[in-house]
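Working notes, beginning with the structure itself.
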Amino acid sequence: MPKRQTNRVVGLVTCAAVSAAIAVGLSAPVGDTSNIKAAAFFAIVGLLALALAYQMPTGVSGNISFIPFISALPLAPSLPLVVAISSAVLASEILLKRGWQKTLFNTAQYALSISVAILTFRLLGGVSRGANSTFRDIGPFVAGYTVFLLLNTASVSLVISAAQGKKFFSIWKQVAGGAVLYDLFAIPVVYGFGYVYQKWGALPALGVAIPLFGLRQLYKINYQLETLNQDLLKLIVSTVEARDPYTSGHSERVSRYATMIAANAGVPAKPAERIVKAALLHDVGKIHEEFASILKKPGRLTAAEYEVMKSHALKGAELVSKVSQFADLVPMIRAHHEAWDGSGYPDGVRGDAIPLGSRIIALADTIDAMSTNRPYRRGLSSKEIRAEIILQSGSQFSPTLVRFVTEQSAWAGIEKTIVAHQVEMRRVAYDESAASSEFLKERTPVRG
């Protein structure tokens with residue numbers, strides 16, 4: 001089904017691109033050679049930008065090709081610009097050896113975006129100024145710029161949602177959400193790039209393009225380093241969880257619950273991001289060898305074993321403190337087993353003296369622990385977990401956080417994650433049971 005849906009989206013975008021290009025050809029005069037030269041120049045610069053693209057987790061390529069592509073809008077708002085940009089994208093796809101479907105889609109979505117941007121620009125009174133005239137069509141330009149970005153991100157999100165079977169708006173939020181401010185701040189840069197070309201020609205415009213490419217490469221390197229750091233964190237967490245057969249994926253789920261709790265509690269984006277990172281690392285102290293045998297124990301812990309386990313918060317804080325970038329995470333990890341009434345560990349602090357991040361992680365950690373099957377009990381239902389959290393409000397958990405989390409609309413998102421986790425546990429248990437049955441069947445001698 002996803003493949004069929006993807007083919008439909010590619011076909012739809014391609015047909016829309018052809019129709020929009022025909023509309024541009026019929027409604028916009030080609031203009032003189034200066035328009036064609038401008039279209040070719042910005043398309044070539046865009047091709048260079050495409051060559052410097054990098055892959056993002058959503059499957060989208062991060063690049064700044066939109067800057068030269070849209071910069072040409074007031075200089076050549078006609079069919080040659082559509083042809084030039086489509087040719088640049090097609091050449092890039094061929095050079096990068098993309099599959100035919102991806103090549104067709106990427107070429108078509110750029111053609112569609114620039115065609116509708118041109119139509120919008122002209123509809124609002126924008127006209128081709130040529131390379132030697134005044135550059136003043138700022139209103140129609142901003143409208144065309146906005147339409148280009150909306151269509152570009154929407155078409156990419158549509159094909160990703162079809163391929164992955166996910167909701168369109170959640171994908172669009174991932175693709176476009178983080179770049180909204182960046183795109184808004186880029187308007188003067190995009191407009192100025194075209195202005196420099198119009199005023200002084202190709203060489204000075206290249207002088208503007210080179211620093212832009214340099215900044216993009218710097219951003220690319222920073223992004224890749226951040227991605228590498230995140231992957232290393234996940235590797236460390238996976239190493240810890242490999243020792244405990246009952247908590248696979250626990251830290252990832254705790255970080256997801258922490259994300260939802262922080263959002264419901266109104267925590268600003270930057271602090272919330274650090275809390276989520278601390279949630280991912282909250283059990284890293286269990287990597288020490290002394291926890292290995294305890295983590296593999298299928299039954300309940302003895303009092304002595306429990307005392308050893310309690311030390312993981314301190315050991316985790318000590319490990320994380322060795323990374324200077326994580327200095328702000330240390331207090332959150334150290335205190336993630338503290339209780340609101342002061343009965344927690346390792347320091348027995350209470351109330352608001354417990355860092356907010358620790359209070360959030362404690363709640364997220366408990367939700368996942370209660371929802372997970374153990375050898376001595378089955379995971380609790382979402383309804384039971386919610387009731388238990390409310391019961392522990394003011395003793396184990398912050399009453400304010402409990403109120404935010406258990407409110408019906410807030411709990412719905414948490415409940416969805418709980419249900420998905422428990423469905424996955426049942427699937428894994430079924431697969432293991434089936435595999436065991438097959439093994440026994442193979443080992444049982446056939447009696448005549």
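Since every read-out is calculated from the coordinates, none of them should be taken as a lab result. Nothing here was measured: the structure is a model prediction, and the numbers come from that model. Cβ: placed from backbone, ideal geometry, glycine included. Neighbour counts: every protein chain shown.
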* Under 5 Å between amide H atoms, partner at least 5 residues away or on a different chain: which partners does R374 have, H built in plane at 1.01 Å? -> G379
* To do: Could you tell me whether segment 334-414 comes out rounded, prolate or oblate from its Cα gyration tensor? Rule is a ≥ b ≥ c as square roots of the eigenvalues, rounded for a/c under 1.5, then prolate if a/b exceeds b/c, otherwise oblate.
  => oblate
* Mean-position separation - Cα centroids, segment 92-121 and segment 283-340, in angstrom -> 51
* Whose amide H sits under 5 Å from the amide H of F397, counting only residues 5 or more places off or on another chain, with H placed in the peptide plane? -> W340
* **Label-point separation in nm, T302 to Q408, each point 7 Å along Cα→Cβ** => 5.0
* **Translational diffusion coefficient (Stokes-Einstein; Kirkwood radius from C-alpha pairs) of segment 242-429 at 10 °C, 1.306 mPa s, in µm²/s** => 95
* List, in order, the whole-Hz ³J(HN,Hα) value for each residue of segment 200-209 obtained from phi through the Karplus relation with A = 6.51, B = -1.76, C = 1.60 and θ = phi - 60°; use x for Gly and Pro. => 10, x, 5, 5, x, 5, 5, x, 6, 5
* Ordering of 314-327, 266-279 by packing [mean C-beta count within 10 Å, highest first] -> 266-279, 314-327
* In Hz, Karplus ³J(HN,Hα) per residue of segment 30-46 (6.51, -1.76, 1.60; θ = phi - 60°; x = Gly, Pro) -> 5, x, 8, 5, 5, 5, 5, 5, 4, 4, 5, 4, 6, 5, 5, 4, x
* Asked: Using alpha carbon centroids, what distance separates segment 1-25 and segment 371-412, in Å?
  -> 47
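Give K102/K166; K37/K102; K277/K310; K286/K416; K297/K322 a once-over and call out the pairs whose C-alpha atoms are over 24 Å from each other.
Beyond 24 Å between Cα atoms: K37/K102; K286/K416; K297/K322.
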* Structure fact -> Surrounding charge for S358, neighbours by C-beta under 9 angstrom, Lys/Arg +1, Asp/Glu -1, total +1
* Structure fact -> Fewest-first ordering of L280, L233 by Cβ atoms within 10 Å yields L233, L280
* Structure fact -> Computed ³J(HN,Hα) along segment 271-277: with the Karplus parameters 6.51/-1.76/1.60, θ = phi - 60°, integer Hz and x for glycine or proline, the list is x, 4, 4, 5, 5, 5, 5
